[in-house]
1. Taking the options Asp155, Asp165, name whichever one is in contact with a Ser or Thr (Cβ under 8 Å, 6 or more places away or on another chain), surrounded by fewer than 20 Cβ atoms within 10 Å (Cβ to Cβ) and without any contact (Cβ under 8 Å) to a residue 60 or more places away in the chain.
2. So which residues in segment 119-152 are of a type in the set (Val, Ile, Thr) and either crowded, with 21+ Cβ neighbours inside 10 Å or outside any helix (DSSP H, G or I) (or both), if there are any at all?
3. In segment 272-296, what count of residues is obtained for those that are modelled with pLDDT under 95 and surrounded by 13 or more Cβ atoms within 10 Å (Cβ to Cβ)?
4. Of all strands (runs of 3 or more DSSP E) completely enclosed by segment 1-102, which ones contain at least 2 residues that are under 19 Å from Glu252 (Cβ atoms) and not hydroxyl-bearing (Ser, Thr, Tyr)?
5. Scan segment 159-172 and give yes if some residue there is among the charged types (D, E, K, R) and closer than 26 Å to Pro14 by Cβ, otherwise no.
6. Hey, could you check segment 1-28 for residues that are surrounded by fewer than 24 Cβ atoms within 10 Å (Cβ to Cβ) and among the polar types (S, T, N, Q) and say which is modelled with the highest pLDDT?
7. Being in contact (Cβ under 8 Å) with a residue 60 or more places away in the chain, within 27 Å of Leu246 (Cβ to Cβ) and aliphatic (A, V, I, L, M) is the filter here; which residues of segment 263-316 pass it?
8. Could you list, in sequence order, all residues of segment 76-102 that are under 20 Å from Phe206 (Cα atoms), in contact with a Ser or Thr (Cβ under 8 Å, 6 or more places away or on another chain) and not hydroxyl-bearing (Ser, Thr, Tyr)?
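The values are calculated or read from the model by the stated rules, or taken from the named source; none is laboratory data. Quick caveat: nothing in here was measured; it's all calculated off a predicted structure. When we count neighbours, we look across all protein chains shown, and the Cβ atoms used for this are built from the backbone with ideal geometry, even at glycine.
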Amino acid sequence: MPEAGDNCNHEHKPSVVLVTGGAGFIGCNFVRHLLASDDSLRVINYDALTYAGSMANLAGLDTEYADRYRFVHADICDESAVGQVFDEEAIDTVVHLAAESHVDRSISAPGAFLNTNITGTYVLLQAARAAWGDRKDVRFHHVSTDEVYGSLGEDGLFLETTPYDPSSPYSASKAASDHLVRAWHRTFGLPVTISNCSNNYGPYQFPEKLLPLMISNALAGKSLPIYGDGKNVRDWLFVGDHCIALDAIVREGRPGATYNVGGHNEWANIDIVHLLCDQLQELVAPPSGHYRDLITFVQDRPGHDQRYAIDASLIQRELGWTPKHKFEDGLLETIRWYLASGAWIEEIRNTKYSGHRLGVIDPGDKKAPVAE
């Protein structure tokens, strides 16, 4: 829920930014955005390099921005490592993106989500509090998800004041971390902001998520699995637009406030896959037939929310942000990036994720399957 700040001047000028999870999908795009858009910034990229994080996502940064960029390979749950970074660098801004984020994996192995998303957030909050004391010229921005709000019916939008109603272990862990951040603001006066975003898409997204999975499967001639009837609706946000929103919130957001960040792009899953197949068909046709022929419907995900949709009027009204990409254009740009990044996809397919389904629970099995 948005809260008024303690003073009228909300402007924050970052100097040294700690980005957690900066080797992941949104993180690497955000690190690139910061370095390219503000040549006065020093960026510390802190990432554990779990399956979804990769040094390949950061190729070229250490040479192009050698004097303003540092990568730290460590876990946010490691209190000593987090504290050491605050000791070594004059950090005045934290943008907390590090998280386990795939719903299916949270169904298969929820423990990692509780550890990283809840305990890791606590460790960061405590480290920032210890380093900053009562300073107000600092900012801790926490990046969250619209999934904390639960599921919508056919009508309505998620507001910043929508009650939390998480459905999956992933969204429950993110809801918990949101509450921790608010508590550290209210109890300890830590200058924080929170954003809850809709589904991101774009370059460098790990191919367990819908769009890159469909692209990589289609190019390999594999089936395109759609959960249930394919009518679940999501609001889609191009990652580059999200990065601009995060930057605006960090610099101009009200301390203590939450901002919903959405793409104004509601699409049913089946309609997105149809569009993707049609655009891919134009760019690189298969040996025979149409990519749509690869679509198959599979057993629905447990606890699958029916619809997410964001009301992003607060960030537009207060910070002047609106998404720049039309979905069709952003999707085409995304497809082109994946077509040009075959080696990147192949490396993941060979070493990290083959495209197999996660998060299926057999009621007759005493053990939940473990994500690979």
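1. Numbers: Asp155 fails: in contact with a Ser or Thr (Cβ under 8 Å, 6 or more places away or on another chain).
After applying the criteria, what remains is Asp165.
2. Answer for segment 119-152, where residues must be of a type in the set (Val, Ile, Thr) and either crowded, with 21+ Cβ neighbours inside 10 Å or outside any helix (DSSP H, G or I) (or both): Thr121, Val138, Val143, Thr145, Val148.
3. Step one: list which residues in segment 272-296 are modelled with pLDDT under 95, which gives 285-288.
From what's left, surrounded by 13 or more Cβ atoms within 10 Å (Cβ to Cβ): 286.
Residues flagged as modelled with pLDDT under 95 and surrounded by 13 or more Cβ atoms within 10 Å (Cβ to Cβ) within segment 272-296 amount to 1.
4. Numbers: elements: 16-20, 42-47, 69-73, 93-96.
Output list reads 16-20, 93-96.
5. Filtering segment 159-172 for residues among the charged types (D, E, K, R) gives 160, 165.
When the remaining residues are screened for being closer than 26 Å to Pro14 by Cβ, the result is 160.
So far as segment 159-172 goes, yes, one or more of its residues are among the charged types (D, E, K, R) and closer than 26 Å to Pro14 by Cβ.
6. Ser15
7. Ile272, Leu276, Ala309, Ile310, Leu314, Ile315
8. Taking segment 76-102 as the starting set, the residues that turn out to be under 20 Å from Phe206 (Cα atoms) are 96-102.
Filter again for in contact with a Ser or Thr (Cβ under 8 Å, 6 or more places away or on another chain), leaving 96-101.
Across segment 76-102, the qualifying residues are His96, Leu97, Ala98, Ala99, Glu100.
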